[in-house]
Amino acid sequence: MKRIDVPPVWLLVFAILAWLQSRYWSIGLNFGGGLLDLLAGMLIGGGIILMALAIVEFRKHRTTIHPHDTPTSLIRSGIFKRSRNPIYLANVLILTGLILLFDAVLSLPLIPILVWVLEKRFIVPEENRMRREFRADFARYEEQTRRWV
């Protein structure tokens, strides 16, 4: 079960919910298109780039990307200088972009719900493991780098 309880699966579930809402329960609401479609593309593309940058750092440091495993090294370089959780941030950006793209106005509450799920299911337990594993190094990293942005 731990192998399928991962952020991409949660993102997929939330994206499907947004798509279903826009398709079958839009009640005539929409964002208006035009520039919002461009913004949606930028959010999705930015999320994908952010995720790719983070994956490169994971590969470079040869540590696990799986959120339930204990990492073998603390990544503080690259995109991790700016955010302790760039992949989770990328998931939120992608969902936001998809909601805009789908014109799923009623799905906007899914964004803070996804943030809550990511924090409770992944970020807090992951940071607790890193505190135990890397102690002072993680404490310094936590002081220097914000959780999200």
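Each reported figure results from applying straightforward, stated rules to the coordinates on display, with no laboratory input. Just so you know, these numbers come straight off a predicted model, no measurement behind them. No Cβ is skipped: glycine too gets one built from the backbone with ideal geometry, and neighbour counts run over all protein chains shown.
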Dividing the alpha-carbon radius of gyration of the range 7-144 by 2.2 N^0.38 Å, where N counts its residues, gives 1.17
Within the range 57-149, DSSP-loop chymotrypsin sites (Phe, Trp or Tyr not before Pro) with at most 13 other C-beta atoms within 10 Å are none
Out of Asp37, Asp103, Asp137, a Gaussian network model of the chain with alpha-carbon springs under 10 Å gives the largest mean-square fluctuation to Asp137
Across Leu38, Leu11, Leu101, the residue with the highest GNM fluctuation in the chain (Cα network, 10 Å cutoff) is Leu38
Log entry: pair-distance distribution for the range 62-138, C-alpha pairs binned every 10 Å from zero, whole % per bin is 17, 43, 26, 12, 2
Per GNM of the chain with C-alpha springs under 10 angstrom, the most fluctuating residue out of Ser77, Ser107, Ser22 is Ser77
Expressed as a whole-number percentage, the relative contact order of the chain with C-alpha contacts under 8 angstrom and at least six residues apart is 36
Computed ³J(HN,Hα) along the range 74-82: with the Karplus parameters 6.51/-1.76/1.60, θ = phi - 60°, integer Hz and x for glycine or proline, the list is 8, 8, 10, 9, x, 5, 6, 6, 9
Note, the range 64-72: 3J(HN,Hα) by Karplus (6.51, -1.76, 1.60, θ = phi - 60°), whole Hz, Gly/Pro = x, goes 6, 9, 6, x, 9, 9, 7, x, 8
The range 10-38 and the range 40-54 have their Cα centres apart by a whole-number Å value of 18
